[in-house]
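Q: What follows is a single structure, and I will ask about it in a moment.
Read the figures in this text as sums done on the coordinates, not as results from a lab. For clarity, every value in this text was computed on a predicted model and none was experimentally measured. Glycine also receives a Cβ, built like all others from the backbone with ideal geometry; neighbour counts cover every protein chain displayed.
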Amino acid sequence: MGTQDNWSIRPYREGDEGKIFELQKAVHPERQNESERWFKWWHWKYKEVPCGIRTWLAEDNGKILAQLSAIIMNLKVGNDIIKAAQFMDSVTHPDYRRQGIITTLTRNLQYELKQNGVHILYGFPNALSYQINKKLGAFDIAAMHKMIKVFKWESALRKRISNQFLLKLCAMVGNLLNNTFLRVSRAPAVSGLSISKVSCFDERINEFWDRVSKQFKIIFERRKDYLNWRFSAVPDVNYSMYVAKKAGMILGYLVMRCRQDGCPKTAAIYDLLAESEEVAQCLLHTVVEYCRRDGMDYVYWVGIANKTYLGAFRKRGFISIPFRKKGEFYIYSSSPNISGEFLRNPQNWLVQTGDSDHL
C-alpha cells in the first residue's frame with residue numbers, strides 16, 4: 001500500500017504510455033490481453049487530437065500510480081472562439097486511493113492550463129470526479145436531456161423490469177403510446193434536399209460550420225479536422241455519418257452509433273447539427289427509419305439544448321426520459337472576460353455526447 005510520502009506528481013513524458021497501460025491493467029484487469037488495441041486507441045486520442053492534450057501523472061519509484069488528462073477544444077462563446085479543456089481519463093491504482101492524488105493532479109492541471117490561457121474547464125464526470133471538481137469551484141450547467149424513441153418496448157424494458165407480467169403490461173402501454181400520442185407525420189418537405197451516408201467530412205463542412213455556428217451562443221467548434229478525428233479516425237469504433245445537402249451545399253449532418261451485440265439493441269445519436277429545424281427533422285427521420293429497418297430496440301440522444309432544438313426531436317416522436325439528474329456536465333471558469341451568468345444559462349448551450357470523450 002502506497003503512502004503520500006512515497007508519491008510525487010509530474011507532467012507526462014514521451015514513452016510513459018507503457019507504464020500507463022500497466023496502471024490501466026491494475027484498474028481494469030480485463031484489459032490484460034488488450035495491449036495492441038489500447039495502444040492504437042492511445043495514439044489516436046493522445047497523439048492525433050487536433051488541438052492538443054495535457055496529462056499529469058503521479059508516480060512512486062518510477063511506477064505510474066495515477067493519471068489525469070485534459071483535451072484542448074475550441075469553444076465558441078458569443079462571437080469569440082476561445083480555448084477550453086475537458087478533464088478526462090482520471091484513474092488511480094487501487095493501492096493508492098483515498099490519498100488526495102486526483103485532487104492534487106487536478107489543481108496542478110488547472111494551474112498549468114490557466115497559465116497557458118485556458119480559462120474554461122469542463123467535464124462529463126463520474127460521481128468521484130464530480131465531487132472533486134465541485135470542491136475546486138466547478139458548477140453545473142443543467143441536467144442532460146435524454147430523448148428516446150422506442151420501437152420495441154418489451155426488449156427496451158427487459159433489463160429494468162424482471163416481473164414478466166409487469167413487463168408485458170408496460171410494453172403494452174408503450175405500444176399504445178407509440179400508436180396514439182407519438183404517431184408522426186412525414187418529414188418536412190425541403191425542396192432539393194438529399195441525405196446520404198459518408199465515411200468522412202470534406203471541406204464543405206467548414207463552410208457549413210461558419211454559417212450555422214452563428215445560431216448558437218455557446219457551442220464546441222465543429223470543423224473538418226475535429227469531426228474526422230472524432231468520428232472517422234477513431235480505431236475499432238464504427239460511427240454512421242449522414243450529411244444533408246442541397247445543390248452541393250451542406251445544410252446539416254448527424255452522427256450515430258449502433259450497438260447490436262447485446263439486449264437491448266440500441267442506437268445513440270452522438271451529434272446533430274442543422275441550419276433549420278426542418279433539416280434536423282429530415283435527418284432524424286432518415287436515421288429513425290434506418291434503425292427501425294435494422295431491428296434496433298430504441299434510438300436516443302443525450303445533451304443540453306434550447307427548446308427549439310429539442311422540438312425537432314419531439315416532432316419526430318422522441319420523448320423525454322424523466323428524473324434527470326444534475327452533475328453530468330460541469331464548467332469551471334477563471335475567465336475575467338466571460339460572464340458567469342452567461343455561462344450558467346443552459347439556453348445558451350448546445351452540448352451533445354459527441355462533445356465528450358465517450359465512445
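Q: Provide the per-residue ³J(HN,Hα) series for the stretch 252-265, in order, calculated from phi with Karplus coefficients 6.51, -1.76, 1.60 and θ = phi - 60°, each as a whole number of Hz, with x at glycine and proline positions.
A: 3J(HN,Hα) across the stretch 252-265, in whole Hz: x, 8, 9, 10, 9, 9, 9, 10, 10, 9, x, 10, x, 8.
Q: Straight-line reach from LYS152: which lysines fall under 16 Å, measuring Cα to Cα and dropping same-chain residues less than 8 apart?
A: LYS152 reaches LYS168, LYS265.
Q: So what are the ³J(HN,Hα) numbers for the stretch 113-120, from phi and the Karplus equation (6.51, -1.76, 1.60; θ = phi - 60°), rounded to whole Hz, Gly and Pro as x?
A: 5, 4, 5, 9, x, 9, 9, 10
Q: Could you work out which residue, out of ASP294, ASP89, ASP140, moves most in a Gaussian network model of the chain, that is, has the largest mean-square fluctuation with Cα springs under 10 Å?
A: ASP294
Q: Let me ask something additional. Using a basic spin-label model with each label point 7 Å from the Cα along Cα→Cβ, how many nm lie between THR103 and ARG292?
A: 5.3
Q: Another question about this same structure. Tell me whether the stretch 1-148 comes out rounded, prolate or oblate; compute the Cα gyration tensor, take square roots of the eigenvalues as a ≥ b ≥ c, and use a/c under 1.5 as the rounded threshold. Please report the intermediate quantities before stating the final value.
A: Values: a/c = 1.56, a/b = 1.40, b/c = 1.11.
The shape class here is prolate.
Q: When we measure straight from the Cα of LYS135, which lysines land under 16 angstrom away, once same-chain ones fewer than 8 places off are left out?
A: Reachable lysines: LYS326.
Q: Here's another thing I want to ask about it. Take every Cα-Cα pair in the stretch 145-324 and report what % of them are more than 21 Å apart.
A: Details: 8358 of 16110 pairs.
Result: 52 percent of Cα pairs exceed 21 Å.
Q: Now for a different question. Tell me which lysines have Cα within less than 22 Å of LYS245's Cα, excluding those fewer than 8 residues away on the same chain?
A: Partners within reach: LYS197, LYS214, LYS224, LYS315.
Q: If each residue of separation counts as 0.36 nm, what is the full-extension length gain between ASP261 and ASP225 once their alpha-carbon separation is subtracted? Each step should come with its number before you reach the end.
A: Values: separation 36, 0.36 × 36 = 12.96 nm, distance 3.03 nm.
That works out to 9.9 nm of additional length.
Q: I would also like to ask the following. Could you list ASP225, ASP271, ASP210 in order of exposure, starting from the residue whose Cβ has the fewest other Cβ atoms within 10 Å? Display every interim value, and only then the final one.
A: Values: ASP225 16, ASP271 21, ASP210 10.
Lowest to highest Cβ neighbour count: ASP210, ASP225, ASP271.
Q: Among MET249, MET296, MET147, which one shows the biggest mean-square fluctuation in a GNM of the chain, springs joining Cα atoms closer than 10 Å?
A: Looking only at MET249, MET296, MET147, the biggest GNM fluctuation is shown by MET249.
Q: Same structure again: Considering only lysines 8 or more places apart in sequence, or on different chains, count the pairs in the stretch 1-122 whose C-alpha atoms sit under 29 Å apart.
A: Lysine pairs meeting both conditions in the stretch 1-122 amount to 22.
Q: Here's a follow-up. Which FRET efficiency, nearest 0.05, do THR180 and LEU359 yield, Cβ-Cβ r, R0 35 Å? Walk me through the intermediate numbers first.
A: Details: r = 37 Å, r/R0 = 1.05.
Efficiency for this residue pair is about 0.45.
Q: Taking the alpha-carbon centroid of each part, what is the distance from the stretch 69-131 to the stretch 207-278 in angstrom?
A: Cα centroid to Cα centroid, the span is 25 Å.
Q: Also: What is the helix-to-structure angle for 277-293, meaning the angle in degrees between its Cα long axis and the longest Cα principal axis of the chain, kept from 0 to 90 and rounded to the nearest 10?
A: Taking Cα atoms only, the helix is inclined about 90 degrees.
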